[in-house]
Each structure stands twice: as structure tokens, then as C-alpha cells.
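See below for the structure under consideration.
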Ligand code: 5RP
């Protein structure tokens, strides 16, 4: 019985991985020689980074990547993708990134991997943002996935009280070892177990008005296209 259960879980994981690979492969078709690329973070974006490394090697293309996290920067270096600082480019042509949830109008929750601040900055600096995902990420309403809120450590308790007053049920993110999780900017994350978010724009405005919040994981009006794989089908969604 236990073996059956494990086999079913393994099959589900393999299918998710294949969906991520299919979505990433389609997104990489949008890349052209000479582009400055925003490199997302997370397991799906990592697949795209590896494919980009192969593309550059095979075609001899000159692309440059702006990484959205230290982990992505390390992976890009490993696969031979040249990197550049956001401060040293006038614009980013195309960003390919993952998401934790994709809702109506391509409203997103991001930051499950903790890279929301740089991801949002790079997305905002990009001419085109393509979100890649497996089918589990597509939702009718945002909120089942806890909404990450990045806070300055100095302000954590204050922000936590404000978030609780908004009934967002914040929980301080910890590492597997039980230490307080720190972002690449050395900030902390409060994951808000808010449940359904019927008005993402309104909530985004409320969060932006709380001092001490550096950024939140609602990505609204930033994605230009989502590529979502469901089994063998790959769908492209527009806002
Ligand atoms: C990291 C993110 C990721 O894009 C998001 O967590 C999705 O990750 P994965 O592709 O591993 O499911 O926002 O901050």
C-alpha cells in the first residue's frame, strides 16, 4: 500500500517536472541573439537557465543575464551564461521566471523561493516578462499559496501586528533547521496565510502603505505572457 502511494507521488512529481520542462522549452523559443535576459529563480526558472546555457553554447549567441538571486547567478555561471548587473544595462529585453500562483489577468503570487524583491525589480525593468509553470500553478483566485512579504528585520514585529490586524495570518519564514530565513538582501519574510485574495490590487496597496515592508509577492500587471504546461499540452495565456 505504502509502495503504491510512493509510486503515485513519484509519478506526480515526474509529470510536474516534465510540465516545467515543456513550459521552459517553449519560453526559450522567444530568446534572440544579443538579448539582455532577466533570469528568474526557482525550479522552473532553473530549467530555463540550463536551456539558455545550451542555446548559447550551440548557437554561439551573445546574450547576457541579469540574475534574480544568488542561486540563479551561481547556476548561470555554471552553465556558461554571461552575467551583467541590472545597474549596468539600460533595459532588459526579456525575463523568464516561474510563479507560485497564476490567477486571472496573469496576477501572480511569487516569492516562494524568497527572491521576490529582485524578481519584481527585474520584471518591472523588462520589456517582456514570460512566466513559465506546470499546471498546478494555475488558479481561479489567488491566495491558497501563502503570500510572501519581505520585511526589514528591525520592523518585523511591527509589520507582523499590522498584517495580523488585516487578518492576513503572517508566519515568520524559517529555514529547515529552524533558523530565521534571510533573503539575499538580508531581510526576513512573513508568509501570509490569508486564504482567498478577492482584491489583489487593494491588498497590494494596503501592503505597500506599511512602513518596513520592502516588497510583497503580489505581481500585478507585470506578466505579459504565461506559458503553462498541462500534461503534453502547452498553453500560452495573455493578461
Ligand atoms: C521564487 C519564485 C519562484 O518563481 C516560485 O517560487 C516558483 O518556484 P518553482 O518554479 O520552484 O515552483 O517566486 O521567489
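The values are calculated or read from the model by the stated rules, or taken from the named source; none is laboratory data. On a predicted model such as this, the values are computed, not experimentally measured, just so you know. Don't worry about glycine lacking a Cβ; one is built from the backbone with ideal geometry, like all the others, and counts go over all protein chains shown.
Would you call residue 19 closer than 21 Å to residue 235 by Cα and free of Cβ contacts under 8 Å to residues at least 12 places away in the same chain? Show your work before the answer.
Details: closer than 21 Å to residue 235 by Cα: yes; free of Cβ contacts under 8 Å to residues at least 12 places away in the same chain: no.
No, not satisfied.
Can you name every residue in the range 188-204 that is out of contact with any helix residue (DSSP H, G or I) (no Cβ under 7 Å at 6 or more places or on another chain) and either surrounded by fewer than 12 Cβ atoms within 10 Å (Cβ to Cβ) or at negative phi (or both)? Answer for the range 188-204, where residues must be out of contact with any helix residue (DSSP H, G or I) (no Cβ under 7 Å at 6 or more places or on another chain) and either surrounded by fewer than 12 Cβ atoms within 10 Å (Cβ to Cβ) or at negative phi (or both): 189, 191, 193, 194, 196, 198, 199, 200, 201, 202, 203, 204. Of the residues 154, 145, the single one that is more than 9 Å from the ligand (Cβ to nearest atom) and either modelled with pLDDT of 95 or more or closer than 17 Å to residue 217 by Cβ (or both) is 154.
One line per residue, one yes/no per condition, for (1) buried (at least 17 other Cβ atoms within 10 Å of the Cβ); (2) modelled with pLDDT of 95 or more:
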site	(1), (2)
129	yes, yes
186	no, yes
206	no, yes
219	yes, yes
231	no, no
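Highlighted here are the strands (runs of 3 or more DSSP E) found entirely within the range 173-239 that include at least 2 residues which are closer than 26 Å to residue 92 by Cα: 213-216, 225-230, 233-237.
The set of residues in the range 31-55 being part of a helix (DSSP H, G or I) and within 11 Å of the ligand (Cβ to nearest atom) consists of 43, 44, 45, 46, 47, 48. Being in contact with a helix residue (DSSP H, G or I) (Cβ under 6 Å, 6 or more places away or on another chain) and farther than 25 Å from residue 182 by Cβ is a description that applies to residue 129.
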